[in-house]
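A.B. asks: Attaching a single structure in structure tokens format; questions to follow.
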2 protein chains.
Amino acid sequence: MSSPTGPPVITLDDIRSAQQRIADYVVRTPVINCEVISKRLGCGVSFKAENLQHVGAFKARGAVNAVMSLSEEDARRGVVTHSSGNHAAAIARAAGLRGIPAFIVMPENASPKKIAAVESYGVSPVLCGPSTQQREQAAAELQQRTGAILVHPFETPAVMAGQGTVGLELLEQVSGLEAILVPVGGGGLLAGVLVAVKTIRPEVKVYAVEPALADDTARSLKAGSPQPPTRYDTVADGLRTQIGDHTFPIIESLVDDLFLVSEASILSAMRTIAEDAHLVAEPSGAVAFAGLIDNADRFAGRSTAVIISGGNLNFGDCQLGRN
Amino acid sequence: MSSPTGPPVITLDDIRSAQQRIADYVVRTPVINCEVISKRLGCGVSFKAENLQHVGAFKARGAVNAVMSLSEEDARRGVVTHSSGNHAAAIARAAGLRGIPAFIVMPENASPKKIAAVESYGVSPVLCGPSTQQREQAAAELQQRTGAILVHPFETPAVMAGQGTVGLELLEQVSGLEAILVPVGGGGLLAGVLVAVKTIRPEVKVYAVEPALADDTARSLKAGSPQPPTRYDTVADGLRTQIGDHTFPIIESLVDDLFLVSEASILSAMRTIAEDAHLVAEPSGAVAFAGLIDNADRFAGRSTAVIISGGNLNFGDCQLGRN
């Protein structure tokens with residue numbers, strides 16, 4: 001991994017290699033065009049449905065790429081990671097595919113459904129406090145104890161490259177694509193998509209969308225360096241992480257703009273995706289669409305892709321179908 | 001339209017023609033393979049996601065085929081239909097695409113969301129009682145008054161042929177397909193899929209699934225002729241209709257078996273589709289999957305397609321994302 005001041009940590013070649021490496025283990029997710037939503041917003045909306053990915057999130061891509069990239073010797077040591085949820089399940093699944101052990105740290109405020117998903121792959125997560133420091137410390141201790149290889153949820157280059165395959169697929173699937181909206185938490189998906197899209201078709205605009213309650217990336221772009229979160233309570237649990245030291249320089253140099261969205265906008269976007277596009281998005285998965293709804297005038301008449309990054313939603317007491 | 005005792009009302013050629021005729025106006029919906037569900041049920045499950053179709057249901061296919069098949073002279077008279085909802089919206093949309101008037105009868109117990117969908121295409125539906133007789137009488141009166149052409153929700157051959165394109169696509173999309181589960185209400189989708197699949201690959205098993213509270217097709221198969229429903233209150237509102245006089249002979253001669261499912265199974269299947277496959281199915285859209293869950297042992301190890309026929313679900317007071 002090169003440093004923030006060195007050469008870019010990933011290139012288009014890394015993403016193309018990732019695409020070949022992961023092809024047999026991940027879903028080439030469909031792009032869904034919803035006529036009703038496009039008409040209402042006045043632009044051509046293409047949902048990249050990563051909620052239909054294995055483990056219900058794009059995280060399956062980076063995890064498989066990282067685990068399948070390990071040398072035989074490294075692989076035998078197993079992998080360790082920390083994650084609010086979807087990356088954790090993705091690593092548990094990828095390790096299972098390769099037949100190696102996985103050691104996983106999750107914040108204690110992770111959604112019960114995401115903890116259960118990790119357990120369904122035969123891995124019992126170690127719980128810790130919610131801050132980036134607490135997560136990283138717990139993972140470091142676990143790594144020291146087990147000797148396993150760290151697969152960071154967004155800083156590991158092979159993870160970023162894997163997530164970037166979403167960008168490659170979008171360019172292949174949507175002819176005449178003009179803009180892409182991407183949710184940002186740690187920045188792995190955004191950095192990967194930026195490197196893929198801006199290398200191949202730099203004229204395509206790429207926008208980051210971030211919960212206003214987790215605005216560390218917005219503040220980091222203003223400050224010119226990664227800034228810590230000030231709170232960890234956005235409903236978009238997948239985006240509570242701090243922007244990465246390695247993802248930030250890529251984002252800073254390539255992203256076209258960033259939109260902040262309210263909690264109400266996120267919940268409303270999630271409902272619209274369910275009611276009109278008939279897809280289940282988790283809160284983090286609806287953040288990019290919230291950014292489009294709030295800024296629809298900026299996308300008028302443009303072919304716009306919106307990444308639905310994940311779909312692991314707990315329906316709790318909802319009486320679905322009892323109307 | 002030939003009679004039940006005459007030659008088959010549709011052939012594979014009709015379905016192939018429909019596929020070409022509707023290609024520019026409908027979605028070739030994706031097939032979604034959910035790893036978690038396949039593992040749990042012990043068979044390879046492929047969801048044919050017609051909830052991602054325009055108007056949120058397979059009905060877009062038959063409606064477009066019927067409307068686009070009309071001669072210029074007939075088209076100018078407009079179209080009339082009766083429907084519990086999705087066919088109504090599909091006809092309103094198809095008529096709009098061709099620029100002709102649509103006159104639509106809906107039962108007064110149709111879901112408010114489905115009535116609103118029709119209105120969104122600029123058509124005000126005429127409401128009537130819920131029985132097949134009440135619907136048909138209201139439509140006949142409207143037809144007499146307007147001179148429009150009747151496009152029946154399942155008896156019109158062009159509608160059946162359009163729905164049959166779901167079967168053609170499944171054979172193209174799922175290699176090694178061994179079984180298909182199809183919900184049955186009036187029987188248009190089932191009859192169309194049967195003609196397509198049993199003509200091209202007769203060894204593929206096709207099963208009908210019906211709510212136990214709307215078991216008219218099950219009783220009709222036993223009696224050897226179409227039997228009326230005894231009640232109209234299954235949560236699967238799209239399947240409250242009586243099996244058709246023209247769809248029944250096709251179904252009777254080609255279907256491999258029929259499963260009845262309880263209301264609880266339908267609601268549980270809908271929730272599993274949302275929580276694990278991250279797709280929104282309406283109750284009728286989850287009926288086929290309920291049939292698979294209830295009879296999983298009969299599908300062990302087999303490549304099985306499940307048609308999610310629609311996704312127009314009203315989330316009502318559900319606090320999505322607030323867990």
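A.B. asks: If B:F103 meets every condition in (1) in a helix (DSSP H, G or I); (2) at pLDDT 95 or above; (3) surrounded by 18 or more Cβ atoms within 10 Å (Cβ to Cβ) apart from one, which number is that one?
C.D. replies: If we test B:F103 against (1) in a helix (DSSP H, G or I); (2) at pLDDT 95 or above; (3) surrounded by 18 or more Cβ atoms within 10 Å (Cβ to Cβ), just (1) comes out false.
A.B. asks: Turning to a different aspect of this structure: Can you name the residue in the stretch B:260-277 that is buried (at least 24 other Cβ atoms within 10 Å of the Cβ) and touching a residue at least 60 places away in the same chain (Cβ under 8 Å) and, of all such residues, is farthest from A:L52 (Cα to Cα)?
C.D. replies: Top of the filtered list is B:I273.
A.B. asks: Which one is farthest from A:A277 (Cα to Cα), of the residues in the stretch B:287-323 that are facing another protein chain (nearest Cβ under 8 Å) and touching a residue at least 12 places away in the same chain (Cβ under 8 Å)? Give the derivation first.
C.D. replies: Start the filter on the stretch B:287-323 by keeping residues that are facing another protein chain (nearest Cβ under 8 Å), which leaves B:311-316, B:318-323.
Restricting the remaining residues to those that are touching a residue at least 12 places away in the same chain (Cβ under 8 Å) gives B:311-314.
Numbers: B:G311: 9, B:N312: 9, B:L313: 11, B:N314: 13 Å.
Top of the filtered list is B:N314.
A.B. asks: While we're on this one: When only residues in the stretch B:236-286 that are more than 21 Å from B:T304 (Cβ to Cβ) and at pLDDT below 95 count, which is nearest to the other protein chains (Cβ to nearest Cβ)?
C.D. replies: Looking at residues that are more than 21 Å from B:T304 (Cβ to Cβ) and at pLDDT below 95, I get B:D237.
A.B. asks: On to the next question. For the stretch B:108-123, check the following and say yes or no: at least one residue is assigned to a loop (DSSP other than H, G, I, E, B), more than 14 Å from chain A (Cβ to nearest Cβ) and either among the hydrophobic types (A, V, I, L, M, F, W, C) or surrounded by 15 or more Cβ atoms within 10 Å (Cβ to Cβ) (or both). Working first, answer last.
C.D. replies: The first filter runs over the stretch B:108-123 and keeps only residues assigned to a loop (DSSP other than H, G, I, E, B), leaving B:108-111, B:121-123.
Then keep just the ones that are more than 14 Å from chain A (Cβ to nearest Cβ); that gives B:108, B:123.
Now restrict to residues that are either among the hydrophobic types (A, V, I, L, M, F, W, C) or surrounded by 15 or more Cβ atoms within 10 Å (Cβ to Cβ) (or both): B:123.
Looking through the stretch B:108-123, at least one residue is assigned to a loop (DSSP other than H, G, I, E, B), more than 14 Å from chain A (Cβ to nearest Cβ) and either among the hydrophobic types (A, V, I, L, M, F, W, C) or surrounded by 15 or more Cβ atoms within 10 Å (Cβ to Cβ) (or both).
A.B. asks: Of all residues in the stretch B:156-187, count the ones that are in contact (Cβ under 8 Å) with a residue 12 or more places away in the chain and in a helix (DSSP H, G or I).
C.D. replies: Residues in the stretch B:156-187 being in contact (Cβ under 8 Å) with a residue 12 or more places away in the chain and in a helix (DSSP H, G or I): 16 in total.
A.B. asks: If you don't mind, there's one more thing I want to ask. Among (1) within 14 Å of chain B (Cβ to nearest Cβ); (2) crowded, with 24+ Cβ neighbours inside 10 Å, there is one condition A:I37 misses while meeting the rest; what is its number?
C.D. replies: So A:I37 meets the others, but not (2).
A.B. asks: Can you tell which of A:G187, A:G176 is surrounded by fewer than 24 Cβ atoms within 10 Å (Cβ to Cβ) and on the phi > 0 side of the Ramachandran plot?
C.D. replies: Numbers: A:G187 fails: surrounded by fewer than 24 Cβ atoms within 10 Å (Cβ to Cβ).
The conditions single out A:G176.
A.B. asks: Quick one: which helices (runs of 4 or more DSSP H) lie wholly within the stretch B:210-323 and hold at least 3 residues that are closer than 21 Å to B:R61 by Cβ and assigned by TED's automatic domain parsing to the domain that holds B:A110?
C.D. replies: Numbers: elements: B:216-223, B:247-254, B:263-276, B:283-294.
Correct list: empty, since no element meets the threshold.
A.B. asks: Any chance the stretch A:34-50 includes a residue that's within 20 Å of the chain's Cα centre (by Cα) and not in a strand (DSSP E or B)?
C.D. replies: Within the stretch A:34-50, the first condition is being within 20 Å of the chain's Cα centre (by Cα), and the residues that meet it are A:45-50.
Okay, now just the ones that are also not in a strand (DSSP E or B), so A:50.
Yes: one or more hits.
A.B. asks: Something else about it: Take the conditions assigned by TED's automatic domain parsing to the domain that holds A:L181 and of a type outside the set (S, T, Y) and apply them to A:R76. Does it pass?
C.D. replies: Working: assigned by TED's automatic domain parsing to the domain that holds A:L181: no; of a type outside the set (S, T, Y): yes.
So A:R76 does not fit the description; no.
A.B. asks: Let me ask something additional. Quickly run through the stretch B:87-107 and pick out the residues that are among the basic types (K, R) and away from chain A (no Cβ under 14 Å). Lay out the reasoning, then the answer.
C.D. replies: The first filter runs over the stretch B:87-107 and keeps only residues among the basic types (K, R), leaving B:93, B:98.
B:R98, the sole residue that qualifies.
A.B. asks: Could you run through the stretch A:40-62 and say how many residues are more than 10 Å from chain B (Cβ to nearest Cβ) and not charged (D, E, K, R)?
C.D. replies: Going through the stretch A:40-62, the residues more than 10 Å from chain B (Cβ to nearest Cβ) turn out to be A:41-46, A:48, A:58-59, A:61-62.
Okay, now just the ones that are also not charged (D, E, K, R), so A:41-46, A:58, A:62.
Matching residues across the stretch A:40-62 total 8.
A.B. asks: Scan the stretch A:275-284 and give yes if some residue there is over 16 Å from A:I37 (Cα atoms) and more than 18 Å from the chain's Cα centre (by Cα), otherwise no. If you could, list the steps in order and put the result at the bottom.
C.D. replies: First pass over the stretch A:275-284, keeping only residues over 16 Å from A:I37 (Cα atoms): A:282-284.
When the remaining residues are screened for being more than 18 Å from the chain's Cα centre (by Cα), the result is none.
Checked against the condition, which is being over 16 Å from A:I37 (Cα atoms) and more than 18 Å from the chain's Cα centre (by Cα), the stretch A:275-284 yields no hits at all.
A.B. asks: Another question about this same structure. Pick out the one residue from B:A218, B:A223, B:A236 that is within 28 Å of B:L177 (Cα to Cα) and surrounded by fewer than 24 Cβ atoms within 10 Å (Cβ to Cβ). Write out each step before concluding.
C.D. replies: Numbers: B:A223 fails: within 28 Å of B:L177 (Cα to Cα); B:A236 fails: surrounded by fewer than 24 Cβ atoms within 10 Å (Cβ to Cβ).
Selected residue: B:A218, the only one of B:A218, B:A223, B:A236 that is within 28 Å of B:L177 (Cα to Cα) and surrounded by fewer than 24 Cβ atoms within 10 Å (Cβ to Cβ).
A.B. asks: Checking B:N65 against (1) modelled with pLDDT of 95 or more; (2) within 14 Å of chain A (Cβ to nearest Cβ), which single condition isn't satisfied?
C.D. replies: (2)
A.B. asks: For the stretch A:118-138, indicate whether the set of residues that are in contact with an Asp or Glu (Cβ under 9 Å, 6 or more places away or on another chain), touching a residue at least 24 places away in the same chain (Cβ under 8 Å) and closer than 20 Å to B:V36 by Cα is non-empty.
C.D. replies: Yes, the stretch A:118-138 contains a residue that is in contact with an Asp or Glu (Cβ under 9 Å, 6 or more places away or on another chain), touching a residue at least 24 places away in the same chain (Cβ under 8 Å) and closer than 20 Å to B:V36 by Cα.
A.B. asks: If you don't mind, another one. Assuming B:A66 fulfils every condition listed in (1) closer than 26 Å to B:S17 by Cβ; (2) in a loop (DSSP other than H, G, I, E, B) apart from one, which condition is it?
C.D. replies: (2)
A.B. asks: Looking only at the stretch A:90-103, decide whether some residue is under 20 Å from A:T241 (Cα atoms), in contact with an Asp or Glu (Cβ under 7 Å, 6 or more places away or on another chain) and touching a residue at least 60 places away in the same chain (Cβ under 8 Å).
C.D. replies: Among the residues of the stretch A:90-103, not one is under 20 Å from A:T241 (Cα atoms), in contact with an Asp or Glu (Cβ under 7 Å, 6 or more places away or on another chain) and touching a residue at least 60 places away in the same chain (Cβ under 8 Å), which makes the answer no.
The values are calculated or read from the model by the stated rules, or taken from the named source; none is laboratory data. Just so we're clear, the structure is a prediction, and the values are computed from it rather than from any experiment. When we count neighbours, we look across all protein chains shown, and the Cβ atoms used for this are built from the backbone with ideal geometry, even at glycine.
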